[in-house]
């Protein structure tokens, strides 16, 4: 049945695939990889191999979701038989894409990075999992104002701690710039929503110091434009 669906899809999309972000061939490649990594994530006897599989699944799903969200932004919905087929088949395989009904966008697939980190492993792949988790959770947690957040206090605290860990371990640019940017905003959020004055003061100090250091180290970065806003917001909390 799947082979038949694929053949029909090829016939239907052959004249229009140049306009589709995900072609029939690409959909099959994604599904083949998803099946392989899903099997490894549940069946591998070595823990690090299961963890790696989760990271690979998450990274693949994030790549797909970026394409789908571009489709949604342009057309208001996912276009093309191949894209819709891929979304449905990923769900059937047990590797569904995360989706927000309220925002009508596909979200970062953080569950796989958390699963990998819970299994436990080390080295470059661990840093990749942490970085992808930080990025996904941060950018998915707001619509327009990065100083606002839909996260709970526990989630805000975990994000601030993760950002702090990555600041000390990430050396490659431009990843380090992005991590430091997120860290400054994560500290500022924690300061705004802290449950007590002492904790708020601690994070306010971290946010201000991080914002000033970021401006100094990245004067030509577009992200530096957000740092005065962070400093002003922290000053307003005094």
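Structure data summary
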{"quantity": "Column: log10 I(q)/I(0), Debye, Cα scatterers of segment 19-147, q = 0.20 Å⁻¹", "calculated": "-1.15"}
{"quantity": "Distance between segment 81-128 and segment 141-192 - C-alpha centres, whole angstrom", "calculated": "21"}
{"quantity": "Candidates 130, 206, 154, ranked by Gaussian network fluctuation over the chain, Cα under 10 Å, top entry", "calculated": "154"}
{"quantity": "Between helix 197-217 and the chain: long-axis angle, C-alpha atoms, 0 to 90°, nearest 10", "calculated": "80"}
{"quantity": "Inter-probe distance in nm under a simple model that places probes 7 Å from Cα toward Cβ, at residue 143 and residue 91", "calculated": "2.5"}
{"quantity": "Rounded to 10°, Cα long-axis angle of helix 81-93 versus longest principal axis of the chain", "calculated": "80"}
{"quantity": "Sorted by Cβ neighbour density within 10 Å, fewest at the top, the residues 198, 192", "calculated": "198, 192"}
{"quantity": "Candidates 222, 212, 60: whichever shows maximal mean-square fluctuation once the chain is modelled as a Gaussian network with Cα springs under 10 Å", "calculated": "222"}
{"quantity": "Scattering curve values for segment 141-238, log₁₀ I(q)/I(0), Debye with Cα scatterers, q = 0.11 Å⁻¹", "calculated": "-0.28"}
{"quantity": "Where labels lie 7 Å past Cα in the beta-carbon direction, separation of residue 225 and residue 161 in nm", "calculated": "3.5"}
{"quantity": "Rounded to whole Å, sorted largest first: equivalent-ellipsoid semi-axes of the chain, Cα gyration tensor", "calculated": "37, 21, 15"}
{"quantity": "Rounded to 10°, Cα long-axis angle of helix 153-169 versus longest principal axis of the chain", "calculated": "90"}
{"quantity": "Relative contact order computed over the chain (Cα-Cα under 8 Å; 6+ residues apart), in percent", "calculated": "13"}
{"quantity": "Potential extension, residue 69-residue 29 segment - 0.36 nm per residue separation minus Cα distance", "calculated": "12.5 nm"}
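Coordinate-derived values only; no laboratory data. Quantities reported herein were computed from a predicted structural model and do not represent experimental measurements. Note: ideal-geometry Cβ built from the backbone for every residue, glycine included; neighbour counts use all protein chains shown.
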